[in-house]
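Participant: First the structure, which I've put down as structure tokens, then a few questions once you've had a look.
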Amino acid sequence: MNDIRLKCIASGSSANAWLFKAWETRILIDAGASGCRILDAVEEFGPIDAIVVTHTHSDHIKGLAKVMETLKVPLLASLPTLKHLELGGVELKTNKAHTLKDLDIRAFRVSHDAVGTIGLRLSTTRFSMGFITDTGVFNSSMAKSCADLDTLVIESNHDAEMLMRGPYPQTLKRRIAGPKGHLSNAQALAFVNHVATPRLTNLVLAHLSETNNSPEVARATFAGLETTVHVATPDGGVDFSPEISNIQDSSERQLSLI
Ligand SMILES: [Zn+2]
Ligand SMILES: [Zn+2]
């Protein structure tokens, strides 16, 4: 039996939805694909305990109302997101662990042009995953939230040159490349280089633009890293069970190094 599993239902500029499992706890992260598509994926994955929404852009919430109506599980999100959505739910306070059965969910602020946008750190005693899909920049507090991870899901939205030469209007190009837009491949690599330790065994590139990036271009940016690189696509493209580290936390690792 797989203890941990990460499955992408959809990832990109138009739809984002993910399933994550740690032992007996399963969550849906974002519900930006159609309700039917998400419900089909949940049926295969197993019953979910909660839905976590990172922010209110339609590519993250399109199917939310239908999924909530059908599955009747709690919605977890930042307070500004809950207020905007008006669907009820439980507040995820930033930098405070919210425990859901086997899983600790810790939200942290990112830099994006939707109210209360959050990144996530999902932890159990022997596994931690970082999840950041929409941010224009990264900063030291985000890096701190992503310290010592086993798996990192990071936005690798665009190739800066493809964006500048591409068909988008100037205003949209500026928004995407701006501090509250989306991370380029190079920015994502800089973040990974900043937070990666030998413990990081799986890196997942997410929210790739279909116009201003390609899986090949994004993957080439990360060539040379000593970690398995997965690329999420509009059809999913990611479904794996990371191995569980034998090392409990950094203090234990320090001891094991002596
Ligand atoms: Zn967004
Ligand atoms: Zn998005």
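Participant: Assuming a ≥ b ≥ c are the square roots of the Cα gyration tensor eigenvalues, decide whether region 146-215 counts as rounded (a/c under 1.5), prolate (otherwise, with a/b larger than b/c) or oblate.
Facilitator: prolate
Participant: Something else now. Percentage of Cα-Cα pair distances in region 1-69 greater than 16 Å, rounded to whole percent?
Facilitator: Everything past 16 Å amounts to 37 percent.
Participant: Additional query: Placing +1 on the Cβ of each Lys and Arg and -1 on the Cβ of each Asp and Glu in the chain, which of 46, 8, 168 has its Cα farthest towards the positive end of the resulting dipole?
Facilitator: So the residue furthest toward the plus end is 168.
Participant: Would you mind computing, in nm to one decimal, how far apart the modelled labels at residue 180 and residue 79 are, each placed 7 Å from Cα along Cα→Cβ?
Facilitator: Between residue 180 and residue 79, the label points sit 1.9 nm apart.
Participant: Among 67, 57, 20, pick out the residue whose Cα is farthest towards the positive end of the charge dipole of region 1-88, where Lys and Arg carry +1 and Asp and Glu carry -1 on C-beta, about the Cα centre.
Facilitator: 57
Participant: Tell me, what is the FRET efficiency for residue 223 and residue 144 to the nearest 0.05, using R0 = 30 angstrom and their Cβ-Cβ distance as r?
Facilitator: Using R0 = 30 Å, I get an efficiency of 0.65.
Participant: About its Cα centre, how strong a charge dipole does the chain have in debye, to the nearest 20, once Lys and Arg get +1 and Asp and Glu get -1 at the Cβ?
Facilitator: Charge dipole, the chain, about its Cα centre: 700 debye, nearest 20.
Participant: Also, quick follow-up: With springs only between Cα atoms under 10 Å apart, run a GNM on the chain and tell me which of 180, 101, 93 wobbles the most.
Facilitator: Maximum fluctuation in the GNM of the chain, among the listed residues, is at 101.
Participant: For the chain, what is the percent of antiparallel DSSP beta bridges, rounded to the nearest 5?
Facilitator: 60
Participant: What 222 nm value per residue comes from the helices of the chain, counting each DSSP H run with n ≥ 4 as -39,500 (n - 2.57) and dividing by all residues, nearest 500 deg cm²/dmol?
Facilitator: -7500 deg cm²/dmol
Participant: Further, regarding this structure: Starting with the fewest neighbours, write out 243, 155 ranked by other beta-carbon atoms found within 10 Å of each beta-carbon.
Facilitator: Lowest to highest Cβ neighbour count: 243, 155.
Participant: Most fluctuating residue of 190, 41, 50 in a GNM of the chain with Cα springs under 10 Å: which is it?
Facilitator: 190
Participant: Multiply the residue gap between residue 113 and residue 95 by 0.36 nm, knock off their C-alpha separation, and tell me the result in nm, one decimal place.
Facilitator: 4.5 nm
Participant: Quick check: residue separation of residue 244 and residue 165 times 0.36 nm, minus the Cα distance between them. What number comes out in nm?
Facilitator: Gain in length upon complete extension: 24.2 nm.
Participant: What are the radius of gyration and Dmax of the chain, computed over its Cα atoms and given in Å?
Facilitator: Rg then Dmax for the chain, in Å: 17.2, 56.
Participant: Lysines near residue 180 by alpha-carbon distance under 28 Å, same-chain residues fewer than 8 away left out - which ones?
Facilitator: 7, 62, 83, 93, 96, 144
Throughout, read-outs are computed from the coordinates displayed, never taken from laboratory work. On a predicted model such as this, the values are computed, not experimentally measured, just so you know. Every residue, glycine as well, gets a Cβ built from its backbone with ideal geometry; the counts of neighbours run over all protein chains shown.
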